[in-house]
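The values are calculated or read from the model by the stated rules, or taken from the named source; none is laboratory data. All of these numbers come straight from a predicted model, not from anything done at the bench. Don't worry about glycine lacking a Cβ; one is built from the backbone with ideal geometry, like all the others, and counts go over all protein chains shown.
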């Protein structure tokens, strides 16, 4: 029998990747991998820790002895809504691998819109050779909404590429390298923004924040010929019918979307049909399972040695 408290793993991720990563962590503990058909979850009720990403709806009714819950991703809104979530610390996943992946995706999307990738691809399909005038990065202002770990890293890397970057967060953050705004300065922030990047957590305040009225406040006379919306945060923060309307009426020139109100994005969604919209399947910053389990193992060691857990979610704020 294991001498250390056991760990439940309930992750809707690639099962082979999860099994492979589990070979190198949690030594001396019973691991109950609920995605493994051969697992015998007889000790679920006694487990002290759970690592979850879109877990079984009844997990917390069965796992009644949990001391800490670990989210398998940076976002925790789906966990906070689960029935029976215990009154135990909820720890979100923060790791350089996740941060780097998100920043790569954001920079890539900004560069594709800057360099008119969709237009050139359309021309190539028609075998049309036509060079177009285009601005430099230094002429374009990227406004990042959400200045947590992901937002600040993306902002730094966009600045390296030459973009002018400004930032917004619910509570203003002082960052030496860029202008920042809070709720009172939202309209000023939006009026300066040519490319809007959403990296917000999903809370009551941010639900449906990216709507038609917000898009209309973006800079409509910028060097790209119209504003662009990029969302790598949470699908619940955007109103997709308003994105469609804004694309149709010219309020938005283009968009890059990694998250959606409903996932997978339905096959009949009209968003699939826009050449100027880049769609990725919630893969901008897919969690590296090896890094996730290393993160969880470190936090468990801290917890069992009397040290404070890191990256604990404030349930009042939702992140």
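Can you tell which of 79, 107 is at negative phi and touching a helix residue (DSSP H, G or I) at 6+ places or on another chain (Cβ under 9 Å)? So the residue among 79, 107 that is at negative phi and touching a helix residue (DSSP H, G or I) at 6+ places or on another chain (Cβ under 9 Å) is 107. Within the stretch 241-267, residues that are in the same structural domain as residue 77 (by TED's automatic domain parsing) have Cβ atoms under 6 Å from residues that are surrounded by fewer than 20 Cβ atoms within 10 Å (Cβ to Cβ) and in a helix (DSSP H, G or I) in no pair, counting only partners at least 6 apart in sequence or on another chain.
Pairing each residue of the stretch 53-79 that is within 28 Å of residue 150 (Cβ to Cβ) and assigned by TED's automatic domain parsing to the domain that holds residue 202 with any residue that is in a loop (DSSP other than H, G, I, E, B) and at pLDDT 90 or above, provided the two are 6+ apart or on different chains, yields no C-beta distance under 6 Å. When the stretch 235-253 is filtered for residues that are part of a loop (DSSP other than H, G, I, E, B) and either at pLDDT below 95 or touching a strand residue (DSSP E or B) at 6+ places or on another chain (Cβ under 8 Å) (or both), the ones remaining, listed by number, are 239, 252, 253. Taking the criterion of being at pLDDT 95 or above, over 13 Å from residue 196 (Cβ atoms) and assigned to a loop (DSSP other than H, G, I, E, B), the residues of the stretch 149-172 that qualify are 161, 162, 169. Quickly run through the stretch 210-231 and pick out the residues that are more than 17 Å from residue 166 (Cα to Cα) and either under 18 Å from the mean Cα position of the chain (by Cα) or not in a loop (DSSP other than H, G, I, E, B) (or both). Listed by number, the residues that qualify are 210, 212, 213. Return the residues of the stretch 113-128 that are crowded, with 18+ Cβ neighbours inside 10 Å and either outside any loop (DSSP other than H, G, I, E, B) or in contact with a helix residue (DSSP H, G or I) (Cβ under 7 Å, 6 or more places away or on another chain) (or both); say none if nothing qualifies. If the condition is that a residue be crowded, with 18+ Cβ neighbours inside 10 Å and either outside any loop (DSSP other than H, G, I, E, B) or in contact with a helix residue (DSSP H, G or I) (Cβ under 7 Å, 6 or more places away or on another chain) (or both), then 113, 114 are the ones that fit.
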